[in-house]
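The values are calculated or read from the model by the stated rules, or taken from the named source; none is laboratory data. Everything quoted here is computed from the prediction, not taken from an experiment. Note that each Cβ is placed from the backbone with ideal geometry, even for glycine, and that neighbours are counted across all protein chains shown.
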Amino acid sequence: MNVTQTVEIPVNHRLTIDVPPEVPAGRIILTYTLNEAPKNGRRGGYGSVKGDYWMADDFNAPLDDFKDYM
């Protein structure tokens, strides 16, 4: 069983985690993943790079380099 929770680490580095009732009692393994904020202040996800790239209007036009092969 995998359960994912996102928690904020407080200054004192002590966590209180609410475990869902479907998780059986016993030992568990906690995995920590550091989620650093991007330098530009934006988060990732769909549309996160919108406006950062562009495509030429003639993108699908034949290339002169391949005239001999067409």
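Tabulated values for the structure
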quantity: Residue match in the range 18-28 (condition: at pLDDT 80 or above and outside any loop (DSSP other than H, G, I, E, B)); calculated: no
quantity: Residue match in the range 33-52 (condition: on the phi < 0 side of the Ramachandran plot, of a type in the set (Ser, Thr, Tyr), loosely packed, with under 10 Cβ neighbours inside 10 Å and modelled with pLDDT of 80 or more); calculated: no
quantity: Boolean, VAL7 is more than 15 Å from the chain's Cα centre (by Cα), surrounded by 10 or more Cβ atoms within 10 Å (Cβ to Cβ) and at pLDDT below 85; calculated: yes
quantity: Residue check for LEU15: modelled with pLDDT of 80 or more and surrounded by 10 or more Cβ atoms within 10 Å (Cβ to Cβ); calculated: yes
